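Taking it in order: structure first as structure tokens, then the write-up.
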Amino acid sequence: MQYLAILIVAVILFIAYSGCRPISPRNPLGIGAMCYSVAVDLDREEYVCPVCGEKSLYLLGIDSPDAATETKRFSIAEIESCRMIIDEIEGVQIALDESQFCLKCGGGVEKPQLGIIVKDGQTGKEHRSWGVNVEDIVLIRDYLAGKELEDNNRKRALELLGITLGSKE
Ligand SMILES: [Zn+2]
């Protein structure tokens, strides 16, 4: 799927640029400028893997199964927001797992999901959840910061943190 997206971008760019001559400042028709706007209007996003540095290209966001909405369009900007919020979280060892978004690390999963790993400081056991989004990470941050949450949001935060209801909190 990702390879197809890259191929489509390559073909469109080729068509756009092959019809263009270098833009002359005295070009009375502005043909060059028109061709250029065709190329930049493409909604493509480049994902740079923070682990291996590989670049993966996505068109119009990333089709990703999401725990809350079943399926959603992920944008690279949202992943960046998730990273920033994760950095703000204190009191628990938590990390993003972005591997599925990288063509190299994730092996080209058709619908990549964002994961989080929460590590138990005492037992060292890891609790991993897939299909998380920026709202989930905000919930975890707010829960750990002692903010009052609605029941369903609190339940979701506990679930993501791997805390079973009924056991000690
Ligand atoms: Zn990678």
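Within region 103-131, being crowded, with 18+ Cβ neighbours inside 10 Å, under 16 Å from residue 82 (Cα atoms) and touching an Asp or Glu at 6+ places or on another chain (Cβ under 8 Å) holds for 113, 114, 116, 118, 129, 131. Considering region 38-155, the qualifying strands (runs of 3 or more DSSP E), each wholly inside and each with 1 or more residues that are more than 16 Å from the ligand (Cβ to nearest atom) and at pLDDT 90 or above, run over 93-97, 115-119, 126-130.
The values are calculated or read from the model by the stated rules, or taken from the named source; none is laboratory data. None of these values were measured; they are calculated from a predicted model. Heads up, the Cβs are rebuilt from the backbone with ideal geometry, glycines too, and the neighbour counts pull from every protein chain shown.
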